[in-house]
1. Rounded to the nearest 0.05, what FRET efficiency is calculated for residue 50 and residue 103 with R0 set to 30 Å and r the Cβ-Cβ distance?
2. Given R₀ = 22 Å, what would the calculated FRET efficiency be for residue 93 paired with residue 71, taking r from the Cβ atoms and rounding to 0.05?
Amino acid sequence: MASFKTNESHYCFAIQLLLFESNINPLKMVDRIYDLYNVLNDKNGTNNSSEALDAYKKLIEAIKQGPQEKKLALQFIGKFCKNFPAETTKTIEAVFDLCEDEDITV
């Protein structure tokens, strides 16, 4: 798994290369979600940078992935959602999508 260290390469990887496609290896997707966490955590969870906002939006998109990714993304969204009030509607919609998910373990 990805480490929680601060590293500029994480930013580039998380923001520029993070494409949520159905054919991505699940382990790589989990690593990418951890990279997004690193971006948000390094920015102290504030929404004062476009980098942090982009990372948060990608977390919301991760809700559309597999069960493991959904659970992980939701944990991180719960931690950082208070810092992105402009994204409240998208956040709530993503959570509702999980409530309606066919997989009851999510």
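1. Numbers: r = 33 Å, r/R0 = 1.10.
Rounded to the nearest 0.05, the efficiency is 0.35.
2. Values: r = 18 Å, r/R0 = 0.81.
According to the calculation, E is roughly 0.80.
Coordinate-derived values only; no laboratory data. Here the structure is a predicted model, which means the values were calculated and not measured. Please note: Cβ atoms are built from the backbone with ideal geometry, for glycine as well, and neighbour counts cover all protein chains shown.
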